[in-house]
Amino acid sequence: MTDSVSSAGGGLRDGQGRAITYLRLSLTDRCNFRCSYCATGGPEEREAPLARAELARLVAVFARLGVRRVRLTGGEPTLRRDLLDVIRDAKGTPGIEEIALTTNGHLLGDLAVPLREAGVSRLNVSLDTLDPAKLQRIAGRAATLDRIVSGIAAATGAGFASLKINVVVVKGENADELGDLARFAWRVGATARFIELMPFGPGEPVPTAEVKQLLEAQGVRLAPDASRGWGPAYHMRGESEARGERLSGLVGFIGAMTENFCDGCNRVRIAADGTLRACLGGRERVSLAALLRSGASDDELAARIREALLGKRDRHAMDDGGPLSPMMGTGG
């Protein structure tokens, strides 16, 4: 790496002056599930996915620019055969403080302990329903509730610093079981996070304010809590007593559409094809893969990254009616 790449000048900032310290890195556009809100439309034309060495080099460049946290996403990142090596590379990069991973949980039973040992400290598992038939309707026939639940149990025992259950709330699908999902998360020592459906595919969203009302109606009492993580979620403290069982824990909310949080954005994304996406809800792309494969130096990569982020808008474009890139391979 070229030594002149550094975070001098206040670190990496976008055109609105927001500090960018969090990299979301998609490792593949493949997935064994077909979630209706993610796997939409036909495949885009993509370059070959970034190789392990290319991923390691980009993480190092971002770290030298001031990025401190990396979340590995997909598609489904556990389908990547060299995943544990990619994690070790990222974890060993000077300046990187934490590695997180988002998964559908299908392979987590076997991978929970190896992921933790390789360097993942924070784990998010996507689970939109506790009904096996409904799960297959939402996520496809490969989605097996018992297998995901077993994987979550393995993660609970693996010693992750943070375990979250991500729930995308879709009207007419799972809005009637939010309380049960919160209680499930607390039983396994996890935070339940409820995410507004974004306009990447079909389905009717449930606004975050209504999600809170539904939780209260389904037996979850909510109170303010100051806990914050790396990303856009804010949290409340939840308590519930149902069928003689008293439970409590954190509940997170991500309301990209009705509770815009762009002012505090600290993230940048690299899609599976090596394109930089300054914003999940934006349309601008810069192919870092093309630069890597054409012999660009680390300084040239850093300059292009800075230039791309200077063009980042003040807020996302998800509500202006224009076309958006599919979620698959972008790593929402």
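Structure notes:
- Per the Debye formula on identical point scatterers at the alpha carbon atoms of the chain, with no solvent, log10 I(q)/I(0) at q = 0.07, 0.08, 0.10, 0.16 Å⁻¹ is -0.27, -0.35, -0.56, -1.49.
- Annotation: residue 259 carries an accessible surface of approximately 60 Å², with a 1.4 Å probe and no ligand, DNA or RNA atoms counted.
- Its Cα gyration tensor gives the stretch 193-262 an equivalent ellipsoid; the semi-axes, largest first and in whole Å, are 23, 16, 9.
- Point-charge dipole on Cβ atoms (K/R +1, D/E -1) for the stretch 111-250, about Cα centre, debye to 20: 360
- CD proxy at 222 nm, helix term only [per DSSP H run n ≥ 4: -39500 (n - 2.57); per residue of the chain; nearest 500]: -8500 deg cm²/dmol
- Approximate spin-label separation residue 171-residue 216, in nm, with each point projected 7 Å along Cα-to-Cβ: 2.0
- Rounded to the nearest 20 debye, dipole of the chain from Cβ charges on Lys, Arg, Asp, Glu: 440
- Largest to smallest accessible area among 208, 21 [probe 1.4 Å]: 21, 208
- Within the stretch 105-147, the trypsin sites (Lys or Arg not before Pro) that combine a DSSP coil assignment with at most 16 other C-beta atoms in a 10 angstrom radius are 141.
- Simple point charges give the picture: +1 on the Cβ of Lys and Arg, -1 on the Cβ of Asp and Glu, and for the stretch 194-294 a dipole about the Cα centre of about 460 debye.
- Counting DSSP beta bridges with both ends in the chain, the antiparallel % (nearest 5): 40
- Derived scalar couplings ³J(HN,Hα) [the stretch 18-28; Karplus, 6.51 cos²θ - 1.76 cosθ + 1.60; whole Hz; x for Gly, Pro]: 7, 6, 9, 10, 10, 9, 9, 10, 7, 8, 6
- Free-standing Cys, the chain [no other Cys Cβ under 4.7 Å]: 31, 262, 265, 279
- Out-of-range pairs (alpha-carbon distance over 28 Å; input 134/164; 91/164; 91/171): 91/171
- The calculated FRET efficiency for the pair residue 228 and residue 48, based on their C-beta separation and a Förster distance of 35 Å, comes to about 0.40.
- Under 9 Å, Cβ to Cβ, from residue 245 - net charge with Lys/Arg +1 and Asp/Glu -1: +3
- Solvent exposure of the chain as accessible area per residue, Å², 1.4 Å probe: 41
- A full extension of the chain between residue 241 and residue 156 corresponds to an added length of 28.4 nm, given 0.36 nm per residue minus the alpha carbon distance.
- Accessible surface of the chain, 1.4 Å probe: 50 percent of it comes from carbon and sulfur atoms.
- Most positive-pole-ward Cα, 107, 86, 70, against dipole of the stretch 62-107 from beta carbon charges: 70
The values are calculated or read from the model by the stated rules, or taken from the named source; none is laboratory data. It should be emphasised that the depicted structure is a prediction, and the values quoted were computed from it without experimental measurement. Using ideal geometry, Cβ is built from the backbone for each residue, glycine included, and neighbour counts are taken over all protein chains shown. Please note that ligands, DNA and RNA were not included when accessible areas were found on the heavy atoms of the full protein model with its side chains. Shrake-Rupley method; radii C 1.70, N 1.55, O 1.52, S 1.80 Å.
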